[in-house]
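Visitor: Following this message is one structure expressed as structure tokens.
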Amino acid sequence: MIFRLFLVTPVFAVAIDKRGPKNVYGFTIGLTIAADILTGGSLTGARVNPMRSFGPALIGGRRGIHWVYWSGPIAGGSLAALICQHIQIGKQK
């Protein structure tokens, strides 16, 4: 959930918000993805994309806790949308 929150927040803050600098949003999002992969993958094995977890779980027959890989990113993306809506985008004039 936290890694999806970190991924979606720069997308909202830089790419979607009209006040964000448009010439750096690709770099900002790419740097966030790299940080998510390096920290989340090595520490917890977390994946930002739920479909990346679905394939190995389906083939390996480990579907018992697979709901975590779906509910976490959905909750993180929703939380990022709420934060950006009320804090960043809500302050536009």
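The values are calculated or read from the model by the stated rules, or taken from the named source; none is laboratory data. Given the structure is predicted, the values throughout are model-derived calculations rather than measurements. Here the Cβ positions follow ideal geometry from the backbone for every residue, glycine too, while neighbour counts run over all protein chains shown.
Visitor: Working only within segment 9-38, note down all residues that are surrounded by fewer than 16 Cβ atoms within 10 Å (Cβ to Cβ) and among the aromatic types (Phe, Trp, Tyr).
Guide: Within segment 9-38, just PHE27 meets the criteria.
Visitor: Conditions first: (1) at pLDDT below 75; (2) part of a helix (DSSP H, G or I). ALA81 passes all but one, so which condition is the exception?
Guide: (1)
Visitor: Further, regarding this structure: Take the residues in segment 63-78 that are in contact with a helix residue (DSSP H, G or I) (Cβ under 8 Å, 6 or more places away or on another chain) and modelled with pLDDT under 80, then tell me which one is farthest from ALA34 (Cα to Cα).
Guide: Of everything passing the filter in segment 63-78, ARG63 is farthest from ALA34 (Cα to Cα).
Visitor: Is it the case that segment 17-33 has a residue that's of a type in the set (Gly, Ala, Ser), at positive phi and either outside any helix (DSSP H, G or I) or without any contact (Cβ under 8 Å) to a residue 60 or more places away in the chain (or both)?
Guide: No, there is no match, as no residue in segment 17-33 is of a type in the set (Gly, Ala, Ser), at positive phi and either outside any helix (DSSP H, G or I) or without any contact (Cβ under 8 Å) to a residue 60 or more places away in the chain (or both).
Visitor: What are the pairs with Cβ atoms under 9 angstrom where one residue, in segment 39-52, is exposed (fewer than 13 other Cβ atoms within 10 Å of the Cβ) and the other, located anywhere, is at pLDDT 70 or above? Sequence gap at least six, or different chains.
Guide: THR44/PHE3; ASN49/PRO73; ARG52/TYR69
Visitor: LEU58 - would you say it is under 12 Å from PHE6 (Cβ atoms) and modelled with pLDDT of 75 or more?
Guide: no
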